[in-house]
Amino acid sequence: MDKKKLKIYTGSSVGIDYFFFLTKTIKYAGFDVEPIFLINEVEYRKLAKSSGLKKIWLRIKMYIFYPIFLIYKGLRASKNSVFVISSNTFFAPILLRFILGFKSIKVVHMLYDLFPDALEIAGAIKSNSKVSKFIGSITYANLKKCEATVFLGKFLREHAEQRWGNSKKSSVIDISTDLSLYDNQRTSLIQSEKVIIHYGGQLGHLHDAKSIIECVKYVLKSDIQNDVEFNFYVSGAQASFLEESLKNYSVKIISAIPSSQWREDVKNFHIGLVSLSPGGASVCLPSKTYGMMAGGMSIFAICPIWSDLSRLVIDLDAGWVINNSVYDNHIELKDTNYIDRIKKERDKLEIANEFYLHLKEIINERELLEMKRLNAFNGVRVKHNIEILSEKWSEILNNV
């Protein structure tokens, strides 16, 4: 089909950087693209940090008004249009597919976060409860009925399909980041400088906040405390927990800032700290990792060694991975009690000690840090650029 005649709509309840980059990537592939969203980034961050009626208002907009708006846009769309719909309103893909089936509208499910797994890891619902099974039936329908599902990583696809059923058609495409928004020059680390470790973005229930806290405490009580600096630009469900836990330590903690300002600030940082709990690694992949690398930071990833996040860091030789799972590969997870095994966590003190040893090596060998930073900076540009991503999107969209 002629790309110019094939109309693509991208849909997300929140208009945020990675959503606009997705739209830009598909447009780069030669398609006519129109983004659909209801909430901008500034409004989302403001409402997400609030409570009471404002928080309820955010949920209403995401889970009621946005789907209605999406259906309205679908009704106005021409037949055979393709809608690439993200999972940040998890039932939106199948809802659109079901209601607009009479128009031969095609839906590609862009799976950013997996439900009900995300709610189970957060402790909001129990595994295999009636609520979990109900939400799981929606995920099953998303996978089976949508023309295709796009995953952020190979393990995320394997887990989702193992638990909820195979996709009608699937592809793995990195979320990456819009490299045109970053400088193509990076600053080198001055030998006498402190090594600055930065955490940016969400710290929710899918992230390993407890391990991060133990690592920071361990280092700031050690012989290298004067050689490092920690700063956090953080929001999300565990942000207050982090701040309270580290209130007696010399750590900079502020709320997450707009993406444009963050991209300016990252020029001053050396190591990006990212994390996923073992359970969280079956649900998502932190998009900020790509932004940190694009800004010239190497990566410290506290996550399962079998996760897609780990594979990303290792494949680019862009930093260090500290395994927080008790298992060393995904084959060991496959057992009758798979869901329980995937959540099992390694001892926090062991993680903190390993973090300290890596950091001490970095302080003594600044050249190693500079090499990892350069690998990250170049690797994301060579292997995860818009040209490569657009080819993958072109293949999936031309074959739905």
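The values are calculated or read from the model by the stated rules, or taken from the named source; none is laboratory data. All figures in this text were calculated on a predicted structure; none of them were measured in a lab. Positions of Cβ are backbone-derived with ideal geometry, glycine not excepted, and every protein chain shown enters the neighbour counts. Just so you know, the surface numbers come from the protein's heavy atoms only, side chains and all, with ligands and any DNA or RNA stripped out. Shrake-Rupley method; radii C 1.70, N 1.55, O 1.52, S 1.80 Å.
A few remarks follow.
- Acute angle (nearest 10 degrees) that the helix 209-220 long axis makes with the longest principal axis of the chain, alpha-carbon atoms: 20
- Maximal additional length on extending the K383-K168 stretch stands at 74.7 nm, based on 0.36 nm per residue less the C-alpha distance.
- The range 286-293 - phi-based ³J(HN,Hα) in whole Hz, Karplus 6.51/-1.76/1.60, Gly and Pro as x: x, 5, 4, 4, 5, x, 4, 5
- Tail weight of P(r) past 22 Å, computed on alpha-carbon pairs of the range 23-98, percent: 33
- Whole-angstrom gap from the range 367-396 to the range 142-157, using each part's C-alpha centre: 22
- In a reduced charge model with +1 at each Lys and Arg Cβ and -1 at each Asp and Glu Cβ, the chain shows a dipole moment near 2000 debye about its Cα centre.
- For I322, the residues 5 or more places off, or on other chains, whose built amide H falls under 5 Å of its own are A301, I302, C303.
- Nearby lysines by direct alpha-carbon distance to K392 (threshold 16 angstrom, same-chain neighbours under 8 apart not counted): K3, K24, K27, K154, K169, K383
- Taking the three principal axes of the alpha carbon atoms in the range 335-400, the coordinate ranges are 50, 45, 12 Å, sorted in descending order.
- Only helices enter this figure: runs of n ≥ 4 DSSP H residues, each worth -39500 (n - 2.57), summed and divided by the residues of the chain, yield -13000 deg cm²/dmol at 222 nm to the nearest 500.
- Once the Cα atoms are used to define both axes, helix 66-76 deviates from the longest principal axis of the chain by about 40 degrees.
- Residue-by-residue Karplus 3J(HN,Hα) for the range 23-39, coefficients 6.51, -1.76, 1.60, Hz, glycine and proline x: 4, 5, 5, 5, 5, 4, 6, x, 8, 7, 10, 10, x, 10, 8, 10, 10
- A 1.4 Å probe, protein heavy atoms only, puts the accessible area of Y44 near 50 Å².
- Cross-link pairs exceeding 25 Å between alpha carbons, from the set K210/K252; K130/K344; K288/K343; K55/K343; K130/K210; K49/K210: K55/K343; K130/K210.
- Residue (of I138, G201, I121) at the positive-pole extreme of the range 77-214, dipole from beta-carbon charges: I138
- Applied to the range 363-369, the Karplus parametrisation 6.51 cos²θ - 1.76 cosθ + 1.60 on θ = phi - 60° returns per-residue 3J(HN,Hα) values of 4, 7, 10, 4, 5, 5, 4 Hz, with x for Gly and Pro.
- In the chain, a dipole from Cβ-located charges (positive for Lys and Arg, negative for Asp and Glu) runs towards its positive end, and of N364, I224, A77 it is A77 whose Cα lies farthest in that direction.
- Placing +1 on the Cβ of every Lys and Arg and -1 on the Cβ of every Asp and Glu, with no other charges, gives the range 183-282 a dipole of roughly 60 debye about its Cα centre.
- Length-normalised contact order for the chain - Cα pairs under 8 Å, 6+ apart - percent: 15
- For the chain: span of alpha carbons on each principal axis (Å, largest first): 68, 47, 44
- For K348, neighbours were defined as the other residues whose beta-carbon sits under 12 Å from its Cβ, and their charges (Lys and Arg +1, Asp and Glu -1) total -3.
- Sulfur and carbon atoms: percent of accessible area, the range 179-383 [1.4 Å]: 47
- Ordering I64, V14, N40 by Cα displacement along the dipole of the range 1-64 toward the positive end leaves I64 in first place; charges were set at the Cβ atoms of Lys, Arg (+1) and Asp, Glu (-1).
- In Å, descending, principal axis extents of the Cα set of the range 179-383: 51, 41, 34
- Within a Gaussian network of the chain (alpha carbon springs, distance under 10 Å), most fluctuating of I71, I305, I26: I71
- Average accessible surface area per residue within the range 136-195, 1.4 Å rolling probe, Å²: 47
- Here the range 179-383 is treated with +1 on each Lys and Arg Cβ and -1 on each Asp and Glu Cβ, and its dipole about the Cα centre works out to around 380 debye.
- Estimated distance in nm for a label pair at S250 and A237, the labels positioned 7 Å out from Cα along Cα-to-Cβ: 3.4
- Label-to-label distance, nm, for residues given as S222 and M371 (7 Å Cα→Cβ offset): 2.0
- Amide proton proximity set for T149, modelled H, under 5 Å, gap of 5+: H109, K169, S170, S171
- Close amide H partners of A256, meaning residues 5 or more places away or on another chain with modelled amide H under 5 Å apart, are V234, S235.
- The distance linking the range 54-72 with the range 274-299 is 28 Å (Cα centroid to Cα centroid, whole angstrom).
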